[in-house]
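The values are calculated or read from the model by the stated rules, or taken from the named source; none is laboratory data. Since the model is a prediction, treat every value here as computed from it, not as a measurement. Because the Cβ atoms are built from the backbone with ideal geometry, glycine has one as well, and the counts that use them run over all protein chains shown. For accessibility, only protein heavy atoms count, side chains too; no ligands or nucleic acids. Shrake-Rupley method; radii C 1.70, N 1.55, O 1.52, S 1.80 Å.
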Amino acid sequence: MVRGVCLISAGLPGGSELEAVLLCCGLQVWTPQTAEDASIYGDALCLVIDMPRDTGYRTLRLFRDYGIETPALVIVDPGCELTVSELNCVGVMDVIPRDVGPLRVLRWIQSMYAAHNVLDQAQRIPA
């Protein structure tokens, strides 16, 4: 069972508070080195793209251009939020302003974990 999140963060000062929270919740956190490393993206519950200003939107589009369709959360600076429909990009669960804290991110990750559990159980049931 997948218990990991792919965290993409760059351009933010200091360490990632979000990474520490995810690790405390028992999740593995994978940080990619290149966009071409598709194996970790497919194994992750979701992508969490946490970048300043609107850089996360461009990064998400780059991932989609590479064919990586893992569900994604985009964390942006307050005031840079777009709605999911405005993004017009497949597989975006939410756009979250950085100042709301990690609980909103954790709720989405929890829902992805539950969805994976249901799908895994359905695949084990004989037809």
Inset, instruction - Multiply the residue gap between Cys89 and Arg58 by 0.36 nm, knock off their C-alpha separation, and tell me the result in nm, one decimal place. - result: 10.1 nm
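Out of the range 34-115, which GluC sites (Glu not before Pro) are coil in DSSP terms and have no more than 14 other C-beta atoms within 10 Å?
Values: sites: Glu36, Glu69, Glu81, Glu86; in loops: Glu36, Glu69, Glu81.
Hits after loop and neighbour filter: Glu36, Glu69.
What dipole magnitude, in Debye to the nearest 20, does the chain give about its Cα centre under +1 on Lys/Arg Cβ and -1 on Asp/Glu Cβ? Don't skip to the answer; put the middle values down first.
Values: 9 positive and 15 negative charges, 50 e Å.
So the magnitude is around 240 debye.
Based on the Cβ-Cβ distance from Arg104 to Asp65, what FRET efficiency comes out when R0 is 35 Å, to the nearest 0.05? Don't jump to the answer; show the numbers that get you there.
Working: r = 27 Å, r/R0 = 0.77.
Between Arg104 and Asp65 the formula returns 0.80.
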Legend entry - Pairs of alpha carbons in the chain whose separation is greater than 23 Å (percent): 29 percent
Inset, instruction - Please work out the FRET efficiency for the pair His116 and Thr31, using the Cβ-Cβ distance as r and a Förster radius of 22 Å; give the result to the nearest 0.05. - result: 0.60
Inset, instruction - Rounded to the nearest 500, what is the 222 nm mean residue ellipticity of the chain from helices alone, with -39500 (n - 2.57) per DSSP H run of 4+ residues and division by all residues? - result: -12000 deg cm²/dmol
Legend entry - Of all accessible heavy-atom area on the range 1-104, the percent that carbon and sulfur account for (1.4 Å): 53 percent
Inset, instruction - Subtract the Cα-Cα distance of Ala10 and Ser39 from 0.36 nm times their separation in residues, and report this length gain in nm to one decimal. - result: 8.4 nm
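DSSP loop (so not H, G, I, E, B), at most 14 other Cβ within 10 Å: list which trypsin sites (Lys or Arg not before Pro) in the range 43-117 pass both filters.
Within the range 43-117, the qualifying trypsin sites (Lys or Arg not before Pro) (loop, at most 14 other Cβ atoms within 10 Å) are Arg53.
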Inset, instruction - Mind giving me the FRET efficiency for Val21 and Ile125? R0 is 35 Å, r the Cβ-Cβ distance, nearest 0.05 is fine. - result: 0.55
Legend entry - Principal axes of the range 38-97: Cα extent on each, largest first, Å: 33, 19, 16
Inset, instruction - Give the residue from Val84, Leu60, Gln110 lying farthest towards the positive end of the charge dipole for the range 48-127; charges sit on Cβ (+1 for Lys and Arg, -1 for Asp and Glu) and the dipole is referred to the Cα centre. - result: Gln110
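Using the C-alpha gyration tensor of the range 55-127, what are the square roots of 5 times its eigenvalues, in whole angstrom, with the largest one first? Numbers along the way, then the final one.
Working: eigenvalues 144, 55, 15 Å².
Semi-axes (√(5λ), whole Å): 27, 17, 9.
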